[in-house]
1. Restricting to region 207-226, what's the tally of residues that are part of a loop (DSSP other than H, G, I, E, B) and farther than 14 Å from K159 by Cα?
2. Restricting to region 68-91, what's the tally of residues that are more than 15 Å from G112 (Cα to Cα) and either touching a helix residue (DSSP H, G or I) at 6+ places or on another chain (Cβ under 9 Å) or part of a strand (DSSP E or B) (or both)?
3. Kindly establish whether K295 is among the basic types (K, R), surrounded by fewer than 19 Cβ atoms within 10 Å (Cβ to Cβ) and free of Cβ contacts under 8 Å to residues at least 60 places away in the same chain.
4. Output the residue which, of all residues in region 170-196 that are over 16 Å from I216 (Cβ atoms) and charged (D, E, K, R), is surrounded by the most Cβ atoms within 10 Å (Cβ to Cβ).
5. Looking for whichever is assigned by TED's automatic domain parsing to the domain that holds L265 and in a strand (DSSP E or B) here; the options are V302, V334. Which one fits?
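The values are calculated or read from the model by the stated rules, or taken from the named source; none is laboratory data. None of these values were measured; they are calculated from a predicted model. Cβ atoms come from the backbone with ideal geometry, glycine included; neighbour counts cover every protein chain shown.
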Amino acid sequence: MGKSCFCDIFKRLFLAMNKFIFLCGFILLGQLCHSQPNGISANTNITFYYNSKWELCTPEKSMHKRIAGFDLYNMMFDGVYKDYDKSDHLVGDGYYNDGKLAGIQSKYYEDGSTQSSIEYAGNDFTIWQLAKENKELSVVRGTGVFTIDYYYFFDWKLKRGTMTGEFKNGVRAGTWIYVDANKHISDKETYDNGKLLSRYYFQGEDSIAVPRKKEIILSIGMFMAELLSFDKESFANLNQYIETQIHYPPNFQRQFTYPGGLRKLLLLLAQQAEVADKNLVLVRLKIDEHGSILKSSIMRSVDDETDLRVLKAIEIYTPYFLPPMKAGKAYASVIYLPVAGGDEWIEMINHMPPSWFLDVNNFY
């Protein structure tokens, strides 16, 4: 698919988007993007079972259990959650807003005392209470120096490092040091009353000034749970777990989706496939009622190398595909997935209703 063709799609898309915004307004746009086709509430409480790695598993193999508000349309946590150990002791609780942690998240010891209390707001967090391994508190009422593990991605692999920082009255203070998986200092940040004064990223003997704070993952368990990662010894794909553990309302219907919603899948594919700016590949997928791909074919091509990267990217995320549903039952279907690159494409993904991207007529 050539650049001129993509630009034509882009122009048609933004004409449609501008008209949509004019008619509905930004607030209504957000509501429409999350509206449900049959009036059924998107949220319901569901019990999830996890093994020691926080992978979804059968109840008899589980080491953890989560009872949580869950959005069945976008397949993500939304609302209050409570985590229990194998003995049904409460070990954690908190809240999700549209798949993202929001507000206070707490972890508890078996005796019910608080191990940690961390508040999430957007992409930032505040540690209000944190205990060391000996249960001695390192942060109390938002004040204290701490050292904890953190997680980050490097070459598409999840790595573990350690982080030392300080909070004063609930805001970041002093110098924060990040050590990577190789025991090398990777980043150093300096704060004053919560304001980032400087951050340096170290690579060998070189250092690079970065204008924003380092993005990290605090809890591998929470991260795995949010991904809906599954035990591959028990299930061939995520939908197999869903089929055996979740019961949908009898009149439930949903389009093809992915954990976190279709937007998340499109963003992941754009990042993984690395399609050049102003180019677009359209892939036709024949999917059975279990979410497995029976056949894939390129309907709009860029070049052989780009097409291959797109197909490989789709293969990576295929185990997490969730088929469309009608009357409470999944059904086989043909899906057209557009994969493109560039800032304009990301802007489209973030602003247009997800159903727009599943309409093949928008890409011809």
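1. Number of matching residues: 5.
2. 13
3. yes
4. For region 170-196, the residue satisfying everything is D192.
5. Result: V334 is the single residue among V302, V334 that is assigned by TED's automatic domain parsing to the domain that holds L265 and in a strand (DSSP E or B).
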